[in-house]
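Every number in this text was worked out from the coordinates using simple rules, so none of it is lab data. Since the model is a prediction, treat every value here as computed from it, not as a measurement. So basically every Cβ, Gly included, is an ideal-geometry build from the backbone, and we count neighbours across all protein chains shown.
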Amino acid sequence: MDTRVVSVNPVAPQARAIEEAAQLIRDRELVAFPTETVYGLGANALDSGAIERLYEAKGRPPENPLIVHVQSEFAARELVTDWSADAEKLAEAFWPGPLTIVLTRSATVPDCVVAGGRTVAVRAPANAIAQALLRECGLPLAAPSANRSTMLSPTTAEHVLAQLGGRIAMILDGGQTERGLESTVIDLSGEAVVLLRPGPISRSQIKTVIGKPVEDLPGGSDIRSPGLMGRHYSPKTQLQLVRGSLVERYEELTASGMRVAGIWIVEGPAAEGFLRMSCDPELYARRLYAALHELDAGGFDVILVELPPSAPEWEAVLDRLLRAGGKLQ
Ligand code: TXA
Ligand code: MG
């Protein structure tokens, strides 16, 4: 299949491109589109046939449930049985935006979207192209990150094309995504409020809005979010997390004949393949995947990463570095 890449204005998306994408979605095809976090691979969430194609294109195991994207809170209510006061407060505060809410699903949601589970993850994205597409389709869109399963999430249309070119009908190219990391996932389906995936909306922002503690998934438990466990979001190159300066480790490894790249904040070697990152966690997050995509393609043996500060505002970045297979040296 030929994958059509169509450049779209991220602020005022051209109607023709959006209409064409919506028609493809109605025809059971797959369309990648930008959200404010990463690019998503969209399919009609109400059509099991389209969802089957989605799992196949991603190479995703069927036990990993999908996030359903909606235009608004009203559309989200259709998909769940228990739109609670907490859900209401969080949607009011953070939608449209990078927060995914897990609730008990209604009968409207096909089994395959939620991997047969009793809950569904819903999110209203803020990106204008994503919103225009949702409006034009008039359908909820299942959209996982538009990468092959377990690989790095895409923050540009080029990243999507490199992984999914030939497997999907269309990519709406809206340039680089704004946040750069996947949405925060919060589970409101049980007694406790549980953070399943840290992201752009922080734990403390959520706590402030609902006035309740935000708990972690009990260690080792894979019951509530199968897909969030284990290795994920990985570059092919080995990642090593280093406390402090990368210079010493770089010299050690290059002396043993390795080709070494890295990303650093405070101190790194002035060598090819070393990228300096911002000390602002939001700016760092925006650039992280693009930096890893770039270094991963450079044929290095190891990517060194200067460990970011262990402060709450770095939680999501640290989470992704660990999921990317980063081993602390
Ligand atoms: O920012 C994002 O969330 C991006 C953009 C495209 O919206 N999407 C994204 O989707 O990251 P995906 O499929 O790559 O990651 C969603 C994660 C999965 O690892 C899955 O396990 C979890 O959310 N998830 C989905 N449905 C769930 C559910 N019903 N219960 C618990 N976890 C769920
Ligand atoms: Mg993903």
Hey, could you pull the Cα Rg and Dmax for the chain, both in Å?
19.6, 61
To the nearest 10 degrees, how steep is helix 281-296 against the longest Cα principal axis of the chain, on a 0 to 90 scale?
70
Starting from the Kirkwood Rh over alpha-carbon pairs, what translational D in µm² s⁻¹ does region 19-80 have by Stokes-Einstein at 20 °C and 1.002 mPa s?
170
Sum of -39500 (n - 2.57) over DSSP H runs of 4+, divided by residues of the chain (222 nm, nearest 500)
-9000 deg cm²/dmol
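How large, in Å, is region 1-105 by the Kirkwood hydrodynamic radius built from its alpha-carbon pairs?
It works out to 15.5 Å.
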Within the set of other residues whose C-beta is less than 11 Å from the C-beta of Gln163, count the net charge using Lys and Arg as +1 and Asp and Glu as -1.
+2
What net charge is computed for the residues neighbouring Gly49, neighbours being all others with C-beta under 15 Å from the C-beta of Gly49, Lys and Arg scored +1, Asp and Glu -1?
-3
Expressed as a percent, the portion of alpha-carbon pairs in region 88-186 spaced more than 24 Å apart is 27
Sorted largest first, the Cα spans of region 185-329 on the principal axes come out in Å as 54, 28, 23
With a cut-off of 8 Å between alpha carbons and a minimum separation of six or more residues, what is the relative contact order of the chain in percent?
21
Residues with amide H under 5 Å of Gln238's amide H, sequence separation 5 or more or different chain, H placed in the peptide plane at 1.01 Å from N; which?
Ile303
Note: region 241-282, point scatterers on Cα, Debye, no solvent; log10 I/I(0) at q = 0.17, 0.18, 0.20 Å⁻¹ equals -0.44, -0.48, -0.58
Estimate the FRET efficiency between Glu158 and Arg16 by the formula 1/(1 + (r/R0)^6), using the beta-carbon distance for r and 30 Å for R0, to the nearest 0.05.
0.85
Quantify how much of the Cα-Cα distance distribution of region 27-169 extends past 21 Å, in percent.
37
So for region 235-304, Kirkwood radius off the Cα pairs, Stokes-Einstein at 20 °C and 1.002 mPa s: how many µm² s⁻¹?
176
Please report how far the C-alpha centroid of region 150-186 lies from that of region 96-115, rounded to the nearest whole angstrom.
21
What percent do you get for the relative contact order of region 1-90 when only Cα pairs under 8 Å and 6+ apart count?
13
